[in-house]
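Taking it in order: structure first as structure tokens, then the write-up.
Read the figures in this text as sums done on the coordinates, not as results from a lab. Note that this is a predicted model, so its numbers are computed, not measured. Please note: Cβ atoms are built from the backbone with ideal geometry, for glycine as well, and neighbour counts cover all protein chains shown.
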Amino acid sequence: MVGRNWQPSISAENLRKRAQLLSATRAFFSARDVCEVQTPIVATAGNPDVHIDSIEVNLSAGAYDTERGYLNTSPEFCMKRLLAAGSGDIYQLCSAFRAGEAGCWHNPEFTILEWYRLGFSMQQLMDEVAALVSQLYGAELPLRFITWAEAWTHKGINPNDETALNQSLGAMQIDVPAGLSLSELQDLAFSFVVQPDLGEQGLCFVYHYPAEQASLARLSPDDDSVAERFELFWQGVELANGFVELVNAQEQRQRFQADNQQRLAAAKPQVREDERFLAALEAGLPECAGVAVGFDRLVALLLEQARLEDVITFNASRS
Amino acid sequence: MATYSTNQFKNGLKLLVDGDPQSIVGNEIVKPGKGQAFNRVKLRNLKTGRVVERTFKSGESVEAADVHVTDLQYLYNDGDTWYFMDNSTFEQHGADSTAMADAVMWIKEQDECTVTFFNGAILSVDAPTQTVLKVTETDPGMKGDTAQGGSKPATLESGAVINVPLFIEIGNEIKVNTETKEYLGRA
């Protein structure tokens, strides 16, 4: 049933503060000569990542190539097509959509801040993310950089030892659903055991995720068991995910196919691979690094709010 | 067998977990950046009232509990069983003392009670939140007592004992809140 509650979930005060943070973010990129872009919210191809579910839309009345499309889960593919076409450094602030994600720190529609820097290393991009957050915060936040493996070691857990993972969850009174794979067990333990302590004193970057969790990152040239992927945590909240981008079209296609295999195994619908994106990679994506920041979460932490709905105008249950 | 997917989870949904009917009273998505999401769900066991937290892998299906809630009129009890009637179908249903629990102390004949069924049998009965009951036993009120001073225990016709102001006497009808077990006023 659709209610008649018309009131926004954000306060008038937070509405103004959010606007200030939006313009401060734009000023940050403008000063660094990174160009703001806008790419379509509706896509004819989706993201096959097994852990991300798209919201489908009916495009039959539009001038699109397909009848069924998707709301973007991120603007990544179109932004990379711009990069391949020679756009240079770009950023975007836009809505992204992920089906079924709702809670204190999730809303199915959320604002993403995504940017790409040509020739940046992972460290350069992490430093730039830190510079942005500190600038918005108004003071230099302490920084910490640890590898994914170290994040576990600091907790005294071997992430490849199922017994140790189960014990760490048991100690936190977290029950473990039956039949989890090792990687799912790692996801659960990371969320409940490792993550809550990350970024307690400032910004904590976790980098060198295992190759199986590379997503769209390239593997490290020095060690192909890890990917040049990082995440940022602040006060135990995941804020950003960044890659040194995979530019190899063939490898990208294989990862998409592997993703769809996983979707098949998980009885999830197949997602059309984005041929235009793959064609752009074949034409040549320049070496670059890119990152996506959950902008609503960043605003919530900056404004010391404990729920996303306090910093977005109308959350899903009011939209 | 009806099931619910985790993305249908919301407060009030009734699931069958560990063989017991349980109602969702809290649901939070936990998801690492690029990994498997989980639902961390607070469940209230409708048999025991206990609240526990459970983890579900997002996207999984969970069996629904065959639970429905309806208002029935209390008729009488024969010592073992309390009988209720559905005023639209005139169908009668019996509840045992486990299902009745605290409600026995608060109900009188003709009261409309909220009755929860599980697999076709009465699982629990809630007395009306506000009801009017006669005082059957209490110490005599002392002379000169007024509304502002003190209280004393009083036994009500249904069997419950609550604190009432000193001026209340045997035979008075009073309004009570059955959840907070508080005196609300003279009826």
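Debye sum, Cα scatterers, the stretch B:1-86, no solvent: what log₁₀ I/I(0) at q = 0.11, 0.20, 0.21, 0.24 1/Å? Reported log10 I(q)/I(0), two decimals: -0.40, -0.91, -0.96, -1.13. In order along the stretch A:5-20, the Karplus-derived 3J(HN,Hα) couplings, from 6.51 cos²θ - 1.76 cosθ + 1.60 at θ = phi - 60°, round to 5, 9, 5, x, 8, 8, 7, 4, 5, 5, 4, 5, 5, 5, 4, 4 Hz, and Gly and Pro are given as x.
The HN-Hα couplings worked out from phi for the stretch A:307-316 by the Karplus form 6.51 cos²θ - 1.76 cosθ + 1.60 (θ = phi - 60°) are 9, 4, 4, 6, 10, 10, 5, 9, 6, 3 Hz, whole numbers, x standing for Gly and Pro. The simple Förster model, with R0 at 25 Å and r as the Cβ-Cβ distance, assigns A:Ala85 and A:Gln124 a FRET efficiency of 0.60. Say we join alpha carbon atoms closer than 10 Å with springs in a Gaussian network model of chain A; which of A:Gln173, A:Gln135, A:Gln20 then has the biggest fluctuation? Sorting by GNM fluctuation, first place goes to A:Gln173. Distance from the Cα centroid of the stretch A:1-33 to that of the stretch A:136-194 is 32 Å (rounded to whole angstrom). Relative contact order, whole percent, for the stretch B:34-177 stands at 17, derived from Cα pairs under 8 Å and 6 or more residues apart.
Across peptide B:51-57, the mean count of Cβ atoms from other chains lying within 10 Å of each residue's own Cβ comes to 4.
Could you run the Debye sum over the Cα atoms of the protein assembly as shown, one equal point scatterer each and no solvent, and tell me log10 of I(q)/I(0) at q = 0.08, 0.09 Å⁻¹, two decimals? Each listed q maps to, in turn, -0.65, -0.77. By the count of other C-beta atoms within 10 Å, a proxy for reagent exposure, A:Leu82, A:Leu264, A:Leu132 are ordered fewest to most as A:Leu264, A:Leu82, A:Leu132. When restricted to Cα atoms, chain B yields an Rg and a Dmax of 21.6, 75 Å, respectively. Residues whose amide H comes within less than 5 Å of that of B:Leu123, counting only those at least five positions distant or on another chain, are B:Thr116, B:Phe117, B:Phe118 (H built at 1.01 Å from N in the peptide plane).
Quickly rank A:51-58, A:201-208, A:302-309 as a protection proxy: mean count of other C-beta atoms within 10 Å, highest first. Before the final figure, lay out each step's value.
Details: A:51-58: 18.1, A:201-208: 20.8, A:302-309: 16.2.
Packing order, densest peptide first, comes out as A:201-208, A:51-58, A:302-309.
Taking the Cα centre of each part, how many Å lie between the stretch B:89-143 and the stretch A:228-281? Cα centroid of the stretch B:89-143 versus Cα centroid of the stretch A:228-281: 58 Å apart. Between the amide H of B:Leu184 and those of B:Lys175, B:Val176, B:Asn177, distances stay under 5 Å, these residues lying 5 or more places away or on another chain, with hydrogens modeled in the peptide plane. Scalar couplings 3J(HN,Hα) for the stretch B:4-14, obtained by applying the Karplus form with A = 6.51, B = -1.76, C = 1.60 to θ = phi - 60°, are 10, 7, 4, 7, 9, 4, 7, 4, x, 5, 9 Hz; x denotes Gly and Pro.
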